[in-house]
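Shown next, in structure tokens, is the structure this report addresses.
Where a number appears in this text, it was derived from the coordinates with a stated rule and is not lab data. Please read all numbers here as calculations on a predicted model, not as lab measurements. Cβ atoms come from the backbone with ideal geometry, glycine included; neighbour counts cover every protein chain shown.
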Amino acid sequence: MEPAPVGEDSAVPDEQAIQTTVALEGDGACIARARHIAAGFLMRVQAEHGLPVSQRAVDLTQLVVSELVTNARKYAPGPVLLDLRVVGDVVEVVVWDCDPVLPVARVTDAGRVGQHGLEVVLAVVQGLEAQREPVGKRITARIALLDDPGSAITGRSSL
């Protein structure tokens with residue numbers, strides 16, 4: 001099943017916000033579709049709005065989308081909402097699912113097989129928030145649109 005567009009290009013007062021929201025349902029193929037949607041969204045941001053977006057930002061956004069949507073599909077029954085928005089110089093990846101249990105980063109363990117997704121996300125984002133909603137939870141990750149050669153390319157926040 002194809003993702004259903006929920007909203008497109010809305011504005012926030014005093015600051016340009018460009019966004020798209022899709023509902024993802026179905027099997028694991030929705031994870032690949034979500035990555036494709038994220039890359040397409042950032043390409044449109046460049047082409048239609050003239051905002052610079054580094055290839056690194058595209059790659060990291062696809063990685064974060066993949067990890068967050070995978071977790072939502074794995075741990076929560078039902079649909080997943082993916083909201084992508086550009087605010088200022090960051091892209092926000094917001095994933096909603098119906099499970100109210102907030103994710104917890106596990107202690108790093110090189111011997112553990114799997115369950116490293118949140119660790120990966122934390123390592124590459126500039127910020128990460130998890131919030132309970134009236135139904136389920138919302139995870140928001142922030143990724144810089146441009147590379148910053150003067151600073152470390154690592155995450156800056158943890159859960």
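Of the helices (runs of 4 or more DSSP H) lying entirely inside the range 11-129, those carrying at least 2 residues that are in contact (Cβ under 8 Å) with a residue 40 or more places away in the chain and within 11 Å of the chain's Cα centre (by Cα) are 29-49, 55-75. Of all residues in the range 82-99, exactly one satisfies the criterion of being under 12 Å from LYS137 (Cα atoms), surrounded by fewer than 21 Cβ atoms within 10 Å (Cβ to Cβ) and in contact with an Asp or Glu (Cβ under 8 Å, 6 or more places away or on another chain), namely VAL94.
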